Structure formats: C-alpha cells, structure tokens
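Have a look at the structure below, then the notes.
The values are calculated or read from the model by the stated rules, or taken from the named source; none is laboratory data. Just so it is clear, the model here is predicted, and its values are computed rather than measured. All Cβ positions, even for glycine, are placed from backbone atoms using ideal geometry, and neighbour counts span all protein chains on display. These accessible areas exclude ligands, DNA and RNA; they are computed on the full protein's heavy atoms, side chains included. Shrake-Rupley method; radii C 1.70, N 1.55, O 1.52, S 1.80 Å.
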Amino acid sequence: MISPSTPTTTIPPTPTAPPASRTPRLLSLDFMRGLIMVLLALESAGLYEQLTNGTVNTPFYRFFLQFQHHPWHGLRAWDLIQPAFMFMAGTAMAFSLHRQQLEGRSWNYSFRKALRRSGWLFFWGVLDYAVRPGGLSFELWDVLTQLSFTCLLAFLISRWSVTAQIAVCAGLLLLTEALYRFTHVPGFNQPFTDQHNFGNYVDLLLMNKINKGGWVAINCIPTAVHTIGGVLAGKLLLGTSARKTRTLIGWALLVLTLGYTLDLAGITPIIKRIATSSFVLVSLGYSLLVLALCYWWIDLRNHRRRLQFFTIVGMNSIFIYLFFEIVGDRWFTGYITAISNGITQPLHPPALLQGIIASLCVFGLEWGLCWFLYRKKIFFRV
C-alpha cells in the first residue's frame, strides 16, 4: 500500500464485497413458535386438566378433550403440538443456516454448531426424565431427546436437493413401516398394538422398560420427517417465489390426503404414540397449513398487532419448556397452586374456578419470567 506521503499517483482502493444482507425476520415463525409454547405452558400449569375434569357430562367436555392426547387410534388437536414444535425447529434451522452462509461460515463450522446443539438437546431431554421419586432414571421419550436426532439428520441433508430430501422422508416412513410390520419379535409382533409392537421391544433393549402410555423412543425415526419438512418450508419462504403460500397449502393438502387415505383404507392407522406414517403425514400437513396461514396473515398482510404476548415466549422456547417441565412440574406449579388456593379459599369458590385461577397464576408467572428475560435481552440457546 502506498503511504500518504508519496507524491506519485494513488492507487484506487480495492473494491470490497457489499455487506451480506441480513436474513429477513419471519414474524409468523416467531408467533407460531410462541403460540405452541404458550399452549404447552398452559397444559403444564394444569389448565386443560381442570377444564376437562370440570366439564364432564356437559356439552363442553368433548371440546376440552381436544386438549388431551388420544389414547391410541385416532387424532385430537393436542396430538399436533409436538409435530408442530419439531416442524418449527426445522423452519428455524433453515433461517439459521441461511444466515450462517451469508456470514461466510464454512460447512464445518455449521456442523460443529449443529452437533453441539444436538448434544445439548439430548442432555436436557434425558435430564427432564432423569429425577424420579424412586431415584435416577434413564428415559428417551422426551421431545428434546427426539429433537436431538431429528435436527442433526435434517442438518446433514439440508444442502441436498428438494427431491433428495423428500426421498429421505419417504425412506424414513417406509423404514418405520418395515420395522413394525416385518421384524416378528416374539411378544412384540403386533405392529399397531399397545405394549406389543416393535417400538416397545426397542425400548426394552435401550432402557429395560416400556412406557405405560405407549410412547416409544424410535419415534425419532419417522418424526424426523417433521423437522426435514420444516427445513424445506423454511427454504421455500427464504426463496423468491411469488406463490409461497399456495405452495405450502398444496403440499399440506397432498400429505393430508396421503395420511388420511392410509388410515381410512385400513393400511396404517393414525397413532400418535408410535408416530405411524399416517400420523406423521397428517400432522405434517396441519403444520404446513398453520404456517401458510400465519405467513399469509402476518408477513404478507402485515397484521402484526398484539403478537408480542406470544413472541416473548417463543424467543426463549427451550428455556421456558425446561422450566415448566423440570422446575414447574417438580415444585413451582404445586407451590403457586397452594398459595393461590389459600388466598381464594375464604371466598369459597367452586372447585373448577379455584383450579382455573391457580393454573392461570402459574402460567402468568411463567409468562412474566419470559417477559423479564425479553426486557433484559437474555435469550437462552442450545
């Protein structure tokens, strides 16, 4: 470089690359993630249980049943929450990887970050179920444990073509069908029967126990389709297509049709607890529909008022999930409920109203904690 004191002709500065544009903020993604976390927090606070038990033999009972998992073959609204959670993780991953590429990060950097994130998700997922009244326990049924596998797999194929990623999704569902139908392990050779299917057998091998509710650890194989589908949806929204909403709806209708056809034709029943292929397709379809609706309403139509109530929770989703699963379930919920009941007891409210007030107090304090973190710009990431 020529020094300023040199009287010769100057050399024009070398052009620098324009700064990479920032990844656009998808407010509909923040809202949808926040909505899911708010619903989960209300469930953890016991609100749905109060409403369901308190409306037995009333016209409202069937409605509030939608906030409980279906016992086996069938579908309720609450069965769609975990798939949407895993789907949103994939959509967020697409935006994160896009931002890393704009920053010039290498694939090795992104891989190390994805591997570290999966490791932490696995750790927290195991810890969630580890402490029991009878001692320590090793269980692999938590959504974070499942997510540790699905996120890593989705990352590893994230740079493949759309066709290749869809082929992987089809392969995962076919693998699940084959494992349940053709392994023929004695005592566990009934593909879609609770406590007697291949997933239960794998749990015996991995954890020496079977979940009484019918949940199985190898759900991580078929539900990886949710996370991969989320990545593909995120890439679509990052693209330049003018038909993003229509494309999302088109894919949603396609997989919904496939899933319901498998169930209604008697080929593969919709069972959330073992994540059958029909369930995965149907729940993915609904996730795509909700994302399409949120994207159209919030990001395209610019309806952004009163969303902060949800986005505040969504921006610390992992933290608040661990809080109400570990701290809330084991201490906080019971403690706040006892205080709330003690304060309202002199008024002699009906049991249902007293339970609702206690649940809302628990949720309100958890939301307030998220608001405090948001105001302090503290965001927990793994």
Whole-Å distance, taken between Cα centres, linking segment 27-49 and segment 90-106: 26
Relative contact order for segment 69-195, counting Cα pairs under 8 Å that sit 6 or more residues apart, in percent: 19
Net lengthening on full extension, L365/F309 (0.36 nm per residue, minus Cα-Cα): 18.8 nm
Carbon plus sulfur fraction of accessible area for segment 144-215, probe 1.4 Å, in percent: 68
Segment 126-194: mean projected area of Cα convex hull, nm²: 6.8
Stokes-Einstein D in µm²/s, Kirkwood radius over Cα pairs - segment 190-324 at 25 °C with 0.890 mPa s viscosity: 143
With all protein chains modelled, accessible area of T337 [1.4 Å, Å²]: 40
Residue-wise HN-Hα coupling along segment 39-50, computed from phi with Karplus coefficients 6.51, -1.76, 1.60 (Hz; x: Gly, Pro): 4, 5, 5, 5, 5, 5, 6, x, 5, 5, 5, 4
Point-to-point label distance, L206-K377, nm (Cα→Cβ direction, 7 Å offset): 4.1
Counting all C-alpha pairs of segment 140-259, share separated by more than 23 Å (%): 41
Residue-averaged 222 nm ellipticity for the chain, from DSSP H runs of 4+ at -39500 (n - 2.57), nearest 500: -19500 deg cm²/dmol
Amide H within-cut-off set for F188, under 5 Å, with H built and near neighbours excluded: none
Principal semi-axes in Å for the chain [√(5λ), Cα gyration tensor, largest first]: 39, 29, 21
Percent RCO, i.e. relative contact order, over the chain, from Cα pairs under 8 Å lying at least 6 residues apart: 25
Cα centroid separation, segment 165-184 to segment 318-341 (Å): 38
Radius of gyration, Dmax [segment 45-89; alpha carbons; angstrom]: 12.0, 39
Residues listed by number, segment 111-153, amide nitrogen under 18 Å from V185 label point at 7 Å toward C-beta: 138-142
Long-range HN-HN contacts of R76 with modeled amide H, under 5 Å: H70
For D142, net neighbour charge (Lys/Arg +1, Asp/Glu -1) across residues whose Cβ lies under 10 Å away: -3
Principal-axis tilt of helix 162-182 within the chain, Cα atoms, nearest 10 degrees: 30
For the chain: accessible area per residue (Å², 1.4 Å): 52
Segment 20-141, Rg to Rh (Cα coordinates; Rh as Kirkwood inverse mean 1/r): 1.08
Solvent exposure ordering (accessible area, 1.4 Å, most first) of T193, T150: T193, T150
Burial order of peptide ranges 235-243, 278-286, 324-332 (average beta-carbon count within 10 Å, highest first): 278-286, 324-332, 235-243
Per-residue HN-Hα couplings for segment 200-213 [Karplus 6.51, -1.76, 1.60; θ = phi - 60°; Hz; x = Gly/Pro]: 4, 5, 5, 4, 4, 5, 7, 10, 6, 7, 10, 6, 5, x
